[in-house]
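The values are calculated or read from the model by the stated rules, or taken from the named source; none is laboratory data. Model, not experiment: these values are computed from the prediction. Backbone-built Cβ (ideal geometry, glycine too); neighbour counts: all protein chains shown.
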């Protein structure tokens with residue numbers, strides 16, 4: 001082989017060798033490819049963009065890189081530095097809560113200078129929460145409209161008798177309206193604050209929206225106490241009547257008589273449909289009150305870390321593929337989760353209450369009287385709550401075959 | 001309907017009282033998020 005041939009062969013072997021070892025240079029222990037080989041282990045543009053998109057990234061590769069003053073060269077040495085921590089390491093320590101921060105106020109969480117979960121929360125608040133929540137409410141209104149078009153108003157089939165029977169006492173109605181009135185204020189102001197930026201500012205302008213938002217915030221914060229008081233009162237006066245019984249199954253099997261005329265399943269003071277609404281109000285009302293209190297007293301009532309700990313112990317998050325939920329949360333993460341949960345529960349709550357308001361007013365003749373004057377027509381009582389009517393009047397059993405809920 | 005109106009008035013009264021009481025109890029944002037070393041004005 002000529003010298004030229006040997007050189008070509010050597011170059012080819014070298015090229016092959018480099019090509020074969022290049023991927024090895026980009027692998028880490030365990031054989032996985034190192035996506036940050038190009039930056040020498042530092043974060044890449046893709047990491048930064050992913051974070052800006054609100055995605056959760058595995059930051060374990062840099063979280064601990066906060067400097068090591070103990071092993072740094074002494075300042076008197078040739079390469080010695082003051083402190084042994086570089087600026088990036090200092091900022092990283094601030095970001096991951098590792099830095100020792102002293103602030104001139106004792107306000108809770110004031111020592112948290114950088115919190116990097118905000119983007120994920122903001123993306124969720126401006127994205128899925130608004131989109132799915134908003135469409136959910138529109139869907140509920142559409143379903144009610146369709147139901148009204150198909151079924152019409154549910155009439156008192158036997159006609160009004162002009163005789164009435166006491167359905168709810170003053171305390172029951174007071175509790176209902178204390179909760180209902182404050183709920184409507186809370187729902188409207190909550191939606192106004194949530195949709196302000198995308199819906200109201202383009203419509204009204206920032207100058208007009210600002211005082212509206214400030215008033216809405218005041219009302220939302222302070223009417224919450226009336227809501228909680230009303231909820232407590234309603235639970236006390238009605239919980240005993242909302243325990244399940246065998247009539248509920250019959251009522252549910254017949255769809256409560258909602259979908260067909262002349263069907264009136266027997267029911268006591270509350271039928272199965274009303275019991276579903278009651279327990280939904282209790283569960284959602286308590287949940288939204290707790291997250292609301294957490295928001296009213298920022299950083300004072302963290303609840304999610306403990307809740308996640310309890311949930312993890314049940315194994316449910318792991319079962320549905322969410323893995324173990326984080327049991328250590330920063331103060332701002334707690335607030336962000338409280339706000340997100342508050343919004344999710346609020347949309348579900350509002351959707352249910354829209355249906356309740358419909359059936360309790362224009363959807364069913366005579367239903368509003370129960371919480372209006374407290375007196376309902378005898379025929380209405382017989383059709384919708386026959387067992388209760390017999391209990392309170394001592395009338396002989398005369399069960400119509402079914403009755404819808406209000 | 002009187003009960004309904006009374007409940008609505010009560011809700012408004014509770015809201016005003018809650019605002020006043022929380023402010024008096026030192027739960028205003030100004031007091032909670034500040035300290036003697038912070039100049040607000």
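For residue A:111, the conditions (1) within 14 Å of another protein chain (Cβ to nearest Cβ); (2) on the phi > 0 side of the Ramachandran plot all hold with the exception of (2).
Checking each residue in the range B:23-41 for being in a helix (DSSP H, G or I) and facing another protein chain (nearest Cβ under 8 Å) picks out only B:32. For residue A:213, the requirement of being within 14 Å of chain B (Cβ to nearest Cβ), touching a helix residue (DSSP H, G or I) at 6+ places or on another chain (Cβ under 6 Å) and within 30 Å of residue A:127 (Cα to Cα) is not met. Exactly one of (1) more than 9 Å from chain B (Cβ to nearest Cβ); (2) surrounded by 19 or more Cβ atoms within 10 Å (Cβ to Cβ) is unmet by residue A:159. Its number? In the conditions (1) more than 9 Å from chain B (Cβ to nearest Cβ); (2) surrounded by 19 or more Cβ atoms within 10 Å (Cβ to Cβ), residue A:159 misses (2) alone.
Would it be correct to say that residue B:13 is more than 7 Å from chain A (Cβ to nearest Cβ) and either farther than 30 Å from residue A:375 by Cβ or modelled with pLDDT under 95 (or both)? If you could, list the steps in order and put the result at the bottom.
Working: more than 7 Å from chain A (Cβ to nearest Cβ): yes; either farther than 30 Å from residue A:375 by Cβ or modelled with pLDDT under 95 (or both): no.
The answer is no for residue B:13.
Assess whether residue A:196 counts as being closer than 25 Å to residue A:228 by Cβ and free of Cβ contacts under 8 Å to residues at least 40 places away in the same chain. Yes, satisfied.
Would you pick out the residues in the range A:194-210 that are under 17 Å from residue A:184 (Cβ atoms) and either within 14 Å of chain B (Cβ to nearest Cβ) or not in a helix (DSSP H, G or I) (or both)? Step through it out loud before you land on a result.
Just the residues of the range A:194-210 that are under 17 Å from residue A:184 (Cβ atoms), to begin with: A:194-195.
Correct list: A:195 only.
The residue that is nearest to residue A:220 (Cα to Cα), counting only those in the range A:290-340 that are within 14 Å of chain B (Cβ to nearest Cβ) and part of a loop (DSSP other than H, G, I, E, B), is A:297. Of the candidates B:20, B:8, the single residue that is in a helix (DSSP H, G or I), facing another protein chain (nearest Cβ under 7 Å) and at pLDDT 75 or above is B:8. Taking first residues from the range A:121-136 that are over 17 Å from residue A:345 (Cβ atoms) and partners that are modelled with pLDDT under 95 and assigned to a helix (DSSP H, G or I), the Cβ contacts under 8 Å between residues at least 6 apart in sequence or on separate chains come to A:126/A:197; A:126/A:198.
Please pick out the residue among A:332, A:385 that is in contact (Cβ under 8 Å) with a residue 24 or more places away in the chain, surrounded by 20 or more Cβ atoms within 10 Å (Cβ to Cβ) and assigned by TED's automatic domain parsing to the domain that holds residue A:291. Walk me through it before giving the result.
Numbers: A:332 fails: surrounded by 20 or more Cβ atoms within 10 Å (Cβ to Cβ).
Result: A:385 is the single residue among A:332, A:385 that is in contact (Cβ under 8 Å) with a residue 24 or more places away in the chain, surrounded by 20 or more Cβ atoms within 10 Å (Cβ to Cβ) and assigned by TED's automatic domain parsing to the domain that holds residue A:291.
A quick yes/no check of all residues on (1) outside any loop (DSSP other than H, G, I, E, B); (2) more than 26 Å from the chain's Cα centre (by Cα); (3) surrounded by fewer than 16 Cβ atoms within 10 Å (Cβ to Cβ); (4) within 14 Å of chain B (Cβ to nearest Cβ):
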residue	(1), (2), (3), (4)
A:47	yes, yes, no, no
A:50	yes, no, yes, no
A:58	no, no, yes, no
A:61	yes, yes, no, no
A:75	no, yes, yes, no
A:85	no, yes, no, no
A:99	no, yes, no, no
A:107	no, yes, no, yes
A:115	no, no, no, no
